[in-house]
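Data first, discussion second: the structure below is written as structure tokens.
The values are calculated or read from the model by the stated rules, or taken from the named source; none is laboratory data. In this text the structure is predicted, and so the values were computed from the model without any measurement. Neighbour counts are summed over all protein chains in view; Cβ atoms, including those assigned to glycine, are modelled from backbone coordinates with ideal geometry. Just so you know, the surface numbers come from the protein's heavy atoms only, side chains and all, with ligands and any DNA or RNA stripped out. Shrake-Rupley method; radii C 1.70, N 1.55, O 1.52, S 1.80 Å.
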Amino acid sequence: MSKIRIENVCKEFEGSMAVKNLSLEIADGEFLVLVGPSGCGKSTLLRLLAGLEQISSGRILQDGNDISLLPPRERNFSMIFQNYALFPHMTVEQNITFGMRMRKEPKQQYRARVDRVAELLQLGALLNRKPGKLSGGQRQRVAMARAIVRDPSLFLMDEPLSNLDARLRNEVRDGIMTLHQQLKTSTVYVTHDQMEAMTMADRIAVLNNGDLQQIGAPETLYAHPANLFVAGFIGMPSMNIFKLPCQSAELWVEDQRIALPDTEEAKNLSEVYLGIRPEHITECSTEPEIPEAGYLYLQASVTHRELLGADYLNHVSTSLGGLRYLRENRGEAPQKGQQVRLRFSLQDLHLFSGTNQQNLHRETHHA
Ligand code: ATP
């Protein structure tokens, strides 16, 4: 049982703030993913949790106890890094038991734990091998075994998949998820890859410039991004975003009116960001005489297309500007230069303030 609470934590390095007044909670057994672009402060936050860096202000609590000043070895957290340095001259078993041997724990005390972890990670047959004779995935499993054998109350993982090739990455990712389902140890996992975050997380915390942008279930972040940054960061291919003029809480796309939410804030805006995901745009095969209510229509010309496998990502020019949409790789896909008529539901539109970039629907979506 371990609940971690980060309260108003700041970390300053030589006058610049790497983590800015950040608060969040990690529930018992939760898999929380910290995601954001390079330099956003995710590794720093992980190192603050581990005790490898001192917080500049704020507190870190574990089950209500302030652990902000505890040295790393007294926190009982295990860290797994992207460079999972194993000792090359030691066997797998010696690598796994290194910490226990250093602490001079009697062998009979940890023998059963080592066997259990070896079984869990399918390392039983490899215990006497040296790391040089293991595959990349097996080495990563040894690093995990070494972290797990301590039975930590929190796992801290810093991009553990980033040095692996695509196939191995999937294998190790599945291994981490299976392990989490079995052990249910609270985990904080750092990545810059939103896809990894979406597939692994119970909840995702999106960081940018040391600021927490939004925290929530992957589905929530995808459907209701709190601001323009999260909208552009979460989702692959990324959302189409256009900055458009608006007046009296309405904007026009060609001759079609889009009403902004009926709020004072929206009425005072002169610009708005309109977002639509490539997967929410469809081609209309025939031009309806009367456009269907609740949909927006756009005339478009294909500039180029990318084959992704099951789908094409079509790039088109429209009156809004360049736009991308996904189209099934079936039948006759439109070619470069071809005219297409596109439509999307107004329900799939995302609207953000032109001034503070916050989602204009945020009150309703957070209710
Ligand atoms: P990446 O994905 O590239 O690892 P990150 O999101 O993990 O990036 P951090 O490593 O946490 O980012 O860095 C956040 C900011 O703090 C960066 O601007 C970085 O240059 C700065 N920083 C990190 N560690 C130190 C340090 N020891 N001394 C000075 N500045 C630092």
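Miscellaneous remarks
Residue by residue, here is whether (1) in contact (Cβ under 8 Å) with a residue 60 or more places away in the chain; (2) among the hydrophobic types (A, V, I, L, M, F, W, C) holds:
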{"position": "131", "(1), (2)": "no, no"}
{"position": "135", "(1), (2)": "no, no"}
{"position": "141", "(1), (2)": "no, no"}
{"position": "149", "(1), (2)": "no, yes"}
{"position": "155", "(1), (2)": "yes, yes"}
{"position": "164", "(1), (2)": "no, yes"}
{"position": "167", "(1), (2)": "no, no"}
{"position": "173", "(1), (2)": "no, no"}
{"position": "188", "(1), (2)": "yes, yes"}
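This table checks each residue for (1) at pLDDT 95 or above; (2) open to solvent by less than 80 Å² (accessible area, probe 1.4 Å).
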{"residue": "59", "(1), (2)": "yes, no"}
{"residue": "81", "(1), (2)": "no, no"}
{"residue": "103", "(1), (2)": "no, no"}
{"residue": "118", "(1), (2)": "no, yes"}
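Conditions tested, residue by residue: (1) open to solvent by 70 Å² or more (accessible area, probe 1.4 Å); (2) modelled with pLDDT of 95 or more.
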{"site": "8", "(1), (2)": "yes, yes"}
{"site": "12", "(1), (2)": "yes, yes"}
{"site": "15", "(1), (2)": "no, no"}
{"site": "24", "(1), (2)": "no, yes"}
{"site": "35", "(1), (2)": "no, yes"}
{"site": "38", "(1), (2)": "yes, no"}
{"site": "48", "(1), (2)": "no, yes"}
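- Answer residue from the stretch 217-250, given it is of a type in the set (D, E, K, R) and at pLDDT 95 or above and is surrounded by the fewest Cβ atoms within 10 Å (Cβ to Cβ) among those: 219
- Selection status of residue 237, within 12 Å of residue 359 (Cβ to Cβ), assigned to a loop (DSSP other than H, G, I, E, B) and away from the ligand (no atom under 16 Å from the Cβ): no
- Selection of first residues in the stretch 39-67 that are assigned by TED's automatic domain parsing to the domain that holds residue 24 and near the ligand (Cβ under 10 Å from one of its atoms) and of second residues that are in a loop (DSSP other than H, G, I, E, B) and open to solvent by less than 20 Å² (accessible area, probe 1.4 Å), restricted to Cβ pairs under 6 Å at least 6 apart or on distinct chains, gives the following pairs, ordered by first then second residue: 41/210; 42/36.
- Residue 34 outside any strand (DSSP E or B), within 11 Å of the ligand (Cβ to nearest atom) and in the same structural domain as residue 206 (by TED's automatic domain parsing): no
- Residue match in the stretch 80-102 (condition: more than 13 Å from residue 153 (Cβ to Cβ), assigned by TED's automatic domain parsing to the domain that holds residue 131, of a type in the set (Val, Ile, Thr) and part of a loop (DSSP other than H, G, I, E, B)): yes
- Between 14, 25, 74, the distinction of being free of Cβ contacts under 8 Å to residues at least 24 places away in the same chain and within 12 Å of the ligand (Cβ to nearest atom) belongs to 14 only.
- Yes/no for residue 258 being among the hydrophobic types (A, V, I, L, M, F, W, C), in a strand (DSSP E or B) and over 18 Å from residue 238 (Cβ atoms): yes
- Within the stretch 254-266, residues that are within 29 Å of residue 317 (Cβ to Cβ) and in the same structural domain as residue 353 (by TED's automatic domain parsing) sit with their Cβ atoms under 8 Å from residues that are open to solvent by 40 Å² or more (accessible area, probe 1.4 Å) and modelled with pLDDT under 90, at 6+ positions apart or across chains, in these pairs: 256/291.
- Among residues that are of a type in the set (A, V, I, L, M) and out of contact with any helix residue (DSSP H, G or I) (no Cβ under 8 Å at 6 or more places or on another chain), residue 69 is included.
- Subset of the stretch 141-168 [in contact with a Gly (Cβ under 9 Å, 6 or more places away or on another chain) and within 16 Å of the ligand (Cβ to nearest atom)]: 163
- Selection of the stretch 156-178 for residues being closer than 14 Å to residue 120 by Cβ and either touching a strand residue (DSSP E or B) at 6+ places or on another chain (Cβ under 9 Å) or not assigned by TED's automatic domain parsing to the domain that holds residue 39 (or both) yields 176, 177.
- Flag if residue 141 is out of contact with any helix residue (DSSP H, G or I) (no Cβ under 8 Å at 6 or more places or on another chain), in a helix (DSSP H, G or I) and within 20 Å of residue 155 (Cα to Cα): no
- Subset of the stretch 172-216 (residues that are surrounded by fewer than 17 Cβ atoms within 10 Å (Cβ to Cβ) and either away from the ligand (no atom under 16 Å from the Cβ) or among the β-branched types (Val, Ile, Thr) (or both)): 173, 174, 177, 178, 181, 182, 183, 184, 199, 202
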